[in-house]
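Report on the following structure.
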């Protein structure tokens, strides 16, 4: 597929400028009162019909959180967040026993349509029997504010032995699995935002791929923050048993609002012997307007544990949205010869701030990791790569290669690279390469002389710059990601 | 077809072109020769619309249109092609994608149907073959890791695919060995015809042995100091610029 040409086509088709996902859905909501307390947590737990162990786990996390301070080591600035001024639970009011499309709230259907979920998918999300619909390749979970509203293809997946459902259901239906793994990769008290999430998480996706099973389709979750003054705290847990493999995609959007909204998610991945997990994100939360008003504060903890020998976890992210991104998808490489990968494109424009990167913790012998980070800054934004490569004494023969490139558009933005490298095994090999470049006038003129408009030329150059990362994305997402890059950088030149 | 009248241009307030007038009729190939610093490359850049230069006087008409009022991409759409003296590298951008994007941008602007990937590759492979270039030239990133000669050949490949009405070749012969020079010249000659004109900018007469021009202009100190037939190039080669055009050089 001529990716670059696709992008240009996409640019042509995007006539509407700015953020296209900024609509608001008028829908009847069930809201918890504002504020965070043990009562709020008990209410969430009660709404979800959770077992007592989980409530206790939440309360422990809350106790830990109260002792913690909001971290400020990242290169981001924001107004203080009033954690008592948020709703911690917001859910579309459920109509029990949904039998046909007519009973579904039409606003909900409209939302799916706008998110670009195909019609058949929408029917399934709305509750039409999946077996009545022809086979498609992607199973979708849609998380609307605090709850997962629907998951498709569960039956097809369950025939293969794969469990894919909202985590709140997993707590009910597979409590032993959830209890066995929840919080084992990102402990409840791991950091300020992870502790907050552990206390108040409301939904997210759960995926379990049993031994030897290759998940027969891509799994995907669409996250949507809709309600005003609401934080979204979703929690995702993916487990691939020995020899299993799964590819999972997440997409995120939110309405345009003048106030900031908090998103503090936790994602945990577990890969056993020879298991593979590919986790792809296209993060397109509302970034705020050109003056920096509004936008999502995205404080996310994502971590994968390669517990088994030769296991592999691969993170691919395209970060175009959010007012602030604070996110370091990491791999703990416990297994012998396990592999961790991190491919990232982070675009900041206007007043956006991104501090993102990864941590690769090498514990197992012969563990390997690859980091490819592409930061693109435009407008008056700041874009920081922050990465840690730590090799423990046990990780004989560990290898890491880091490639970290920054591209500047204009002269008012900033790009920063903060690599931390700690090697405690003399046989380990750690390499770090970094470059910073500007889109040169030469390059723009060369493209324009061949007939490309200035904007198309920038897109072409940016897509070239990101190619090593974009090629890691599943095809559907690669195209979407390229469109996003184009939209995100609209108006950044000239 | 191309009419340059009393064109003066400067960069950072330093005058480079000091009043150039030149007529390039349709279907003709003219050579611009001259010593270093005479303004040859500036003329190429000003004609193709590079923004670093400011035109201080004069006019340029192309096909009856005011060329100087057009953006670089509009000039490209009108049929102006510049073969760069130092072709630019575009990391991560595949040559085939770049060319197809450019070709389709031009076709769109002319109201022509765009080519899909298959049609384009067929066209491009035909051209690479004709120019004796390896197929992998299309797969590689634009000019990245190309040798000097490969870059120049890549310019000619682009020209062959984009089929301009007016090609400006800015020292396309520099850094080429004799075989590559012949390939480049063959590429240009293949385009020659009633709908193709070219300004061939060169230091040396040897390129003009292969691309025989209709006229030769000698540029010195930002002015055309002498014009003549192809024999003028030989005279320059034999006697040098200073002796041929005198003090102006």
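The values are calculated or read from the model by the stated rules, or taken from the named source; none is laboratory data. Since the model is a prediction, treat every value here as computed from it, not as a measurement. Glycine also receives a Cβ, built like all others from the backbone with ideal geometry; neighbour counts cover every protein chain displayed.
What the table below lists for this structure:
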| read-out | value |
| --- | --- |
| Selection status of residue B:145, surrounded by fewer than 21 Cβ atoms within 10 Å (Cβ to Cβ) and either farther than 25 Å from residue B:47 by Cβ or at pLDDT 95 or above (or both) | yes |
| Flag for residue B:161 being more than 9 Å from chain A (Cβ to nearest Cβ), in contact with a helix residue (DSSP H, G or I) (Cβ under 6 Å, 6 or more places away or on another chain) and under 23 Å from residue B:40 (Cβ atoms) | no |
| Qualifying residue in the stretch B:209-221 (condition: modelled with pLDDT under 90, within 16 Å of the chain's Cα centre (by Cα) and either surrounded by fewer than 23 Cβ atoms within 10 Å (Cβ to Cβ) or more than 26 Å from residue B:149 (Cβ to Cβ) (or both)) | no |
| Complete set of residues in the stretch A:170-182 that are more than 14 Å from residue A:57 (Cβ to Cβ) and assigned to a loop (DSSP other than H, G, I, E, B) | A:174 |
| Residues (at pLDDT 85 or above, more than 19 Å from residue A:216 (Cα to Cα) and part of a loop (DSSP other than H, G, I, E, B)) located in the stretch A:143-169 | none |
| Residue within the stretch B:164-176 that is surrounded by fewer than 18 Cβ atoms within 10 Å (Cβ to Cβ) and farther than 21 Å from residue B:45 by Cβ present | no |
| Output for the stretch A:440-455, where each listed residue is part of a helix (DSSP H, G or I) and over 13 Å from residue B:90 (Cβ atoms) | A:441, A:454, A:455 |
| Tally, over the stretch B:212-229, of residues that are in contact with a strand residue (DSSP E or B) (Cβ under 6 Å, 6 or more places away or on another chain) and assigned to a loop (DSSP other than H, G, I, E, B) | 3 |
| Flag if residue B:15 is within 12 Å of another protein chain (Cβ to nearest Cβ) and either within 30 Å of residue B:149 (Cβ to Cβ) or over 13 Å from the mean Cα position of the chain (by Cα) (or both) | no |
| Scope the stretch B:112-145; condition assigned to a helix (DSSP H, G or I) and closer than 30 Å to residue A:437 by Cα; matching residues | B:136, B:137, B:138, B:139 |
| Residues located in the stretch B:43-59, provided they are surrounded by 21 or more Cβ atoms within 10 Å (Cβ to Cβ) and either part of a strand (DSSP E or B) or away from chain A (no Cβ under 14 Å) (or both) | B:43 |
| Some residue of the stretch A:395-403 being surrounded by fewer than 24 Cβ atoms within 10 Å (Cβ to Cβ) and touching a helix residue (DSSP H, G or I) at 6+ places or on another chain (Cβ under 9 Å) | yes |
| Meets criteria (under 24 Å from residue A:76 (Cα atoms), more than 14 Å from every other protein chain (Cβ to nearest Cβ) and touching a residue at least 24 places away in the same chain (Cβ under 8 Å)) for residue A:401 | no |
| Residue identified as surrounded by fewer than 24 Cβ atoms within 10 Å (Cβ to Cβ), under 18 Å from residue A:315 (Cβ atoms) and more than 22 Å from the chain's Cα centre (by Cα) among A:388, A:334, A:392, A:408 | A:334 |
| Subset tally (residues that are buried (at least 23 other Cβ atoms within 10 Å of the Cβ), assigned to a loop (DSSP other than H, G, I, E, B) and more than 8 Å from every other protein chain (Cβ to nearest Cβ)) for the stretch B:65-111 | 0 |
| Residue that is under 30 Å from residue A:426 (Cα atoms) and in contact with a strand residue (DSSP E or B) (Cβ under 9 Å, 6 or more places away or on another chain), where the choices are A:323, A:395 | A:395 |
| One residue from A:422, A:433 being out of contact with any helix residue (DSSP H, G or I) (no Cβ under 9 Å at 6 or more places or on another chain), assigned to a strand (DSSP E or B), within 14 Å of another protein chain (Cβ to nearest Cβ) and more than 30 Å from residue B:100 (Cα to Cα) | A:433 |
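Per-residue answers, yes or no, for (1) surrounded by fewer than 23 Cβ atoms within 10 Å (Cβ to Cβ); (2) touching a helix residue (DSSP H, G or I) at 6+ places or on another chain (Cβ under 6 Å); (3) within 14 Å of chain B (Cβ to nearest Cβ):
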{"position": "A:418", "(1), (2), (3)": "yes, no, no"}
{"position": "A:428", "(1), (2), (3)": "yes, no, no"}
{"position": "A:442", "(1), (2), (3)": "yes, no, yes"}
{"position": "A:448", "(1), (2), (3)": "no, yes, yes"}
{"position": "A:452", "(1), (2), (3)": "no, yes, yes"}
{"position": "A:456", "(1), (2), (3)": "yes, yes, yes"}
{"position": "A:463", "(1), (2), (3)": "no, yes, yes"}
{"position": "A:466", "(1), (2), (3)": "no, no, yes"}
{"position": "A:475", "(1), (2), (3)": "yes, no, no"}
